[in-house]
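**Q** Okay, handing you the structure first.
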Ligand SMILES: [Zn+2]
């Protein structure tokens with residue numbers, strides 16, 4: 001969903017920072033910590049572990065905090081970036097109950113779930129078969 005800056009109040013950054021601080025700078029759904037490098041558990045959608053160091057392909061031990069997004073992705077890792085989500089998807093509803101600090105993964109999942117619900121039913125022909 002495109003973001004319309006005009007839907008957000010002028011103090012949105014302050015609101016967003018407070019939501020993240022209230023959440024202890026962790027995703028409220030999966031607990032992933034803001035700005036830390038993590039490896040997701042492929043079998044458990046909410047599972048993860050922090051990875052602070054790893055051996056690069058040339059054998060060097062490196063601090064994962066220094067790696068680019070491209071190198072993190074190469075190693076199957078990601079850096080958590082907390083976002084502030086509108087749970088009802090109404091960006092003008094900034095009540096505290098409607099806001100949650102979510103990592104990028106949980107935020108996308110929330111948006112996808114919501115967008116699926118908003119999609120019109122698939123078109124069908126008169127026989128009930130789906131059409132493109
Ligand atoms: Zn999360």
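**Q** Could you tell me how many degrees, from 0 to 90 and to the nearest 10, lie between the Cα long axis of helix 12-22 and the main elongation axis, the longest principal axis, of the Cα atoms of the chain?
**A** 60
**Q** What 222 nm value per residue comes from the helices of the chain, counting each DSSP H run with n ≥ 4 as -39,500 (n - 2.57) and dividing by all residues, nearest 500 deg cm²/dmol?
**A** The per-residue figure over the chain is -7500 deg cm²/dmol.
**Q** How many percent of all Cα-Cα pairs in the chain sit more than 19 Å apart?
**A** So the pairs more than 19 Å apart make up 61 percent of the total in the chain.
**Q** Starting from the Cα-Cα distance between residue 17 and residue 113, subtract it from 0.36 nm times their residue separation and give me the gain in nm to one decimal.
**A** 32.1 nm
Since every read-out is calculated from the coordinates, none of them should be taken as a lab result. Everything numeric in this text was worked out from a predicted model, so none of it was measured.
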